[in-house]
1. Kindly identify residues of the range B:40-54 having a loss of at least 30 Å² in accessible area between the isolated chain and the assembly of all protein chains, probe radius 1.4 Å.
2. Evaluate 2.2 N^0.38 Å with N set to the residue count of the range B:93-154, then give the Cα radius of gyration divided by it.
3. When you count, for each residue, the other Cβ atoms within 10 Å and take the mean per peptide, how do A:83-90, A:226-233, A:105-112 rank with the highest first?
4. For helix B:134-154, report the angle its Cα long axis makes with the longest principal axis of the Cα atoms of chain B; keep it between 0 and 90° and round to the nearest 10°.
5. Please report, for the Cα atoms of chain B, the Rg to one decimal and the Dmax as a whole number; what are they, in angstrom?
6. Take every residue in peptide A:13-20, count the Cβ atoms of other chains within 10 Å of its Cβ, and give the average of those counts.
7. Net charge within 11 Å of A:L100 by Cβ-Cβ distance, Lys/Arg positive one each and Asp/Glu negative one each, not counting A:L100 itself?
8. Mind putting a number on the dipole of chain B about its Cα centre? Charges go on the C-beta only, +1 for Lys and Arg and -1 for Asp and Glu, and I need it in Debye to the nearest 20.
Amino acid sequence: MRNIYRKTFEQVRAPEDLWREIREIPAREQRPVCRRRVSGGVLAAVLILALTGTALAAVYHVEIRNFTPEQLAETGADHAYKVLTDVERTPLEAFSQEALDAAAGAERFWEQKFDTWAEAEDFLGTRVPGVEAPATLQLKTRNGELAEAELRSYPLPLQTPTDRLNIGVRATLYTENYVEEPGDNTFLYYGLPDPNYSMEREDLRYQLPDGEEAVMVSTWDDDSGGVDAFLVRGNIRYWVYATYVLYDRETVLEEVEFILQNL
Amino acid sequence: MTERDFTAAAERYLDMVYRLALNCLRVPADAEDAAQTVMLRLWQRAEPFSNDDHLRHWLVRVTLNVCKDAARSPWRRRMVPLEHCREPVFDTPEHQALYAGVMALPAKYRLPLYLYYYEGCTVAEVGELLGLKPSTVQTRLARAREKLKAQLKEE
């Protein structure tokens, strides 16, 4: 048994993607944060973009499409759905030169932590309303050019592993270099303990004060759960997500709604 | 930790961290995330390691803790492009079947098996790493072998 076990697991190796990310850790973690103020011209352009986004807000939508049993079998997941959005692509000219340079210098992706969301937004050079909390900016590249920019933040001051609630906010922008369908992603749920285990799910549509509509998928079992909320605003796809253990589901939904209202 | 030390540690132990995480979490993408978190913690660690054994032991412990955090909820969810739902590929059908059999076992059996058979830990060491009595480790190893044999016979 030991022999065949060893020979089997000798063939399980860290994939090349993971190796690349690990090799980038020293450079990524040492790189100083470059801060840049947005110029007046950019601000004016940004304001127009923001106004356009608001005016058209109602036309953007999110669709949740459940997997068929056949599709589920292909993935090996226990439960799955696909999120489809009509988020627009962002032209490369909308980003700062620093952001474009950072992406160009990265092999696959570039990541930097910032003290605030606003600083990360400044660095990116384009308007992405977010939350008041430290943020991480991740730029993904394709053929040396920016394909996807994502701002991530955890707005709750509860981040230790023992905490019962975690909330994250991600705002993603896609450029013309992004090869897949922008804003479309699949959610896979693994590890449901047994066939009789029941995970409840409720999909909710949440109307924001200015007419925008977010879709929230709430999943839960006896003592834990998650909420995934999606909102498209022009060229930005927001994903607000919460996971909780021994926490009130209604309270978590309210927290997520509060964040959506303030984006 | 210097960049050189970090790179050397990654080359020596990244596969181990990844395999251990895969045995804990079962899903390759989750294992990749966990391995990345572990290596980031290694890079951020200020205190030096007294020797290679110390480093290896620390990596195993941190990997188990990171995986425990990731698996707190009875289910886990991931947002991925579909083509990223990949499984390891093996040379022979026997190895593929053994891997599938191991992954079908509950985590409480997979981990002792991996630490004992692959990492060469003694029963006492496996118990210390997993917070189990040696007698419990022995029982789990025996049950894991039985279950695995039964599964492989079924196929």
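1. B:L40, B:W43
2. Details: Rg = 11.6 Å, N = 62, 2.2 N^0.38 = 10.6 Å.
Normalised Rg, Cα atoms only: 1.10.
3. Details: A:83-90: 19.5, A:226-233: 23.6, A:105-112: 16.8.
So the order, starting with the most tightly packed, is A:226-233, A:83-90, A:105-112.
4. 50 degrees
5. Considering chain B through its Cα atoms, Rg and Dmax are 16.3, 50 Å.
6. Values: counts 5, 15, 8, 0, 4, 12, 6, 0.
If you average over the peptide's residues, the count of other-chain Cβ atoms is 6.
7. Working: positive: none; negative: A:E93, A:E98, A:D101, A:E145.
Local charge sum for A:L100: -4.
8. On the way: 23 positive and 21 negative charges, 157 e Å.
Using Cβ point charges on Lys, Arg, Asp and Glu, chain B gives about 760 debye.
The values are calculated or read from the model by the stated rules, or taken from the named source; none is laboratory data. Predicted model only: the values in this text are computed from it and were never measured. All Cβ positions, glycine included, derive from the backbone under ideal geometry; neighbour counts span all protein chains shown. Each accessible area value is taken on the protein alone, full model and side chains, heavy atoms only, with ligands, DNA and RNA left out. Shrake-Rupley method; radii C 1.70, N 1.55, O 1.52, S 1.80 Å.
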